Each structure stands twice: as C-alpha cells, then as structure tokens.
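Peer 1: Handing you a structure now.
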Amino acid sequence: MKILYLTRHAKSSWDEALLSDHDRPLNARGLRDAPLMARKFAERGEPLDILISSTATRAWATASFFAQALAVPLDTVRTEPLAYLAHAATLLGLVNNFPDTADRVMLFGHNPGLSTFCADLCENAPGELITCHTVRIDLFVDQWAHVSMGSGIVRWHDDPKRHPSA
C-alpha cells in the first residue's frame, strides 16, 4: 500500500503588489496555521518518507513548518516546479513517478488543482481544500505508477478550522 498526503499551502499574502504570484509569502494567518497544522500532523505519529513542495514561496514555507515539526532536515524536502499551480493530470503524473522505495509521501501544492486531484482520486474526497488542509489518501497499490483516478480512499483530513482555539 502507498499513502499520499496532499497539503494545500497555508494562507498567503497579497500585500506586496510587485511580487509575482510565485513569490507571495505567508500572511499572519498562514504563519499561525502552518505551525499549528504541522504540529497536529506530527502528533498523529505517521512517518513520511518524502516531502515534496511546489517551488512557490508559500508552499515551501508551509512544507518547512511540517519538516521542522517532524524533525526532517530541511535540505531533504524536495521541490517540484511542475507542482506549482498544477492541474490534476499533472499531479497524477508526478505521483506516478514517485520512487517506489517511498511508501508515504506528502505533496504541498495549490488550488484549484490540488482539490480537483483529490476529488478525482477519491470518491470520498472532502471537497475544496482550504488553506493548510491536509488529506491522507490510502492507495492500494504496490507501485506509484499504478495510481489512477478513482483509486484512492480518504482515510482522514484535517484543517485549521477544526482547531479554532489552538
């Protein structure tokens, strides 16, 4: 079995008009939610083999908080340019090329592609992924290349709105 975790980046800032979309940082809410959700994920005790992030600043920053909470060296978090604003088909292609030596992979990305991919992959998808939303998807395959649309089952999902007082 393979396990895929999809995490949408935390809330980003639109304050700096001269920055490209790719370079937008996290805003105050994102800087609050990312460490919270990273800690909540770490408390689940589910190990990861690989963390892969879009190259966008907001996705990388979110991935960095998760790496820190999981005591994963930041230099081992991989970046994937194709994950930036990727459509569902592109994300499936990325997943199909994950190394089979890894059984648990977390991918940090963007909407609308991430939500669409989750919905296409799983009949029981939670709908649109809000910022800093993580979904665990169980895939009953031995090789990532065998993952196809409709082949996943959402085991759980979590987002900052579930932790309003944290």
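Taken together, the values in this text are just the output of simple stated rules run on the coordinates, not laboratory data. Being a predicted model, the structure only gives us computed values, none of them experimental. Positions of Cβ are generated from backbone atoms using ideal geometry, with glycine treated the same way; all protein chains shown enter the neighbour counts.
Peer 1: With a 10 Å radius around each residue's Cβ, average the other Cβ atoms per peptide and rank 132-139, 155-162, highest first.
Peer 2: For the peptides 132-139, 155-162, the packing ranking is 132-139, 155-162.
Peer 1: Report, in debye and to the nearest 20, how large the dipole of the chain comes out about its Cα centre when Lys and Arg carry +1 and Asp and Glu carry -1 on their Cβ.
Peer 2: 480 debye
Peer 1: Related question: For a label point 7 angstrom out from the Cα of residue 153 toward its Cβ, which stretches of segment 1-42 have the backbone nitrogen within less than 19 Å?
Peer 2: 1-6
Peer 1: Karplus couplings for segment 144-151 from phi (6.51 cos²θ - 1.76 cosθ + 1.60, θ = phi - 60°), rounded to Hz, Gly and Pro as x?
Peer 2: So the J values, rounded to whole Hz, are 4, 5, 8, 5, 9, 4, x, 9.
Peer 1: Determine the gain in length on full extension of the stretch residue 21-residue 70; use 0.36 nm per residue of separation and subtract their C-alpha separation, reporting nm with one decimal.
Peer 2: That works out to 14.8 nm of additional length.
Peer 1: How big is the antiparallel share of DSSP beta bridges in segment 31-156, given as a percent to the nearest 5?
Peer 2: Of those bridges, close to 35 percent are antiparallel.
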